[in-house]
1. State yes or no: is I30 modelled with pLDDT under 95 and part of a strand (DSSP E or B)?
2. Applying the selection to the stretch 4-27, what residues are in a strand (DSSP E or B) and in contact (Cβ under 8 Å) with a residue 40 or more places away in the chain?
3. Name the single residue, out of those in the stretch 24-33 being of a type outside the set (D, E) and exposed (fewer than 11 other Cβ atoms within 10 Å of the Cβ), that is nearest to M1 (Cα to Cα).
4. For the stretch 34-74, which residues satisfy the criterion of being of a type in the set (D, E, K, R) and either surrounded by 12 or more Cβ atoms within 10 Å (Cβ to Cβ) or within 15 Å of A17 (Cβ to Cβ) (or both)?
5. Hey, any hits in the stretch 50-68 for a residue that's of a type in the set (A, V, I, L, M), touching a helix residue (DSSP H, G or I) at 6+ places or on another chain (Cβ under 7 Å) and either at pLDDT below 95 or not in a strand (DSSP E or B) (or both)?
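The values are calculated or read from the model by the stated rules, or taken from the named source; none is laboratory data. Note that this is a predicted model, so its numbers are computed, not measured. Every residue, glycine among them, receives a Cβ derived from its backbone with ideal geometry; neighbour counts consider all protein chains shown.
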Amino acid sequence: MKILFICFANVCRSFIAEKLMKKFRPDDEIFSRGIYADPDFAVPQKVKDYLETQGIRYEKHIPALLEKEDMEEIGRASCRE
């Protein structure tokens with residue numbers, strides 16, 4: 001299964017959701033994007049701290065902008081399920 005989480009900048013909400021879901025569904029393809037993501041945005045320390053409390057080790061994250069191809073890929077995946 002493919003799961004896409006979307007938020008504004010892809011440094012907090014969608015990023016946390018992606019990491020938590022990967023923890024519980026490691027066999028699925030899970031990713032996140034932002035509608036106004038900038039690769040220079042930094043993940044806030046509070047997000048890193050929260051992931052740590054959930055047993056998730058923070059690894060470098062570069063915010064990714066939502067692209068048309070992301071939506072098309074999710075659409076194709078959901079049609080196959």
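1. Details: modelled with pLDDT under 95: no; part of a strand (DSSP E or B): yes.
Here the answer is no, as I30 does not meet what is asked.
2. Let us first name the residues in the stretch 4-27 that are in a strand (DSSP E or B), namely 4-7.
L4, I6, listed by residue number.
3. Going residue by residue through the stretch 24-33, those that are of a type outside the set (D, E) are 24-26, 30-33.
With exposed (fewer than 11 other Cβ atoms within 10 Å of the Cβ) added as a condition, the list becomes 24, 26.
Values: F24: 13, P26: 11 Å.
Going through the qualifying residues, I end up with P26.
4. Going residue by residue through the stretch 34-74, those that are of a type in the set (D, E, K, R) are 38, 40, 46, 48-49, 52, 57, 59-60, 67-70, 72-73.
Hits for the stretch 34-74 are D38, K48, D70, E73.
5. To start, the set of residues in the stretch 50-68 that are of a type in the set (A, V, I, L, M) comprises 51, 56, 62, 64-66.
With touching a helix residue (DSSP H, G or I) at 6+ places or on another chain (Cβ under 7 Å) added as a condition, the list becomes 51, 56.
Filter once more, so that each one left must be either at pLDDT below 95 or not in a strand (DSSP E or B) (or both): 51, 56.
So far as the stretch 50-68 goes, yes, one or more of its residues are of a type in the set (A, V, I, L, M), touching a helix residue (DSSP H, G or I) at 6+ places or on another chain (Cβ under 7 Å) and either at pLDDT below 95 or not in a strand (DSSP E or B) (or both).
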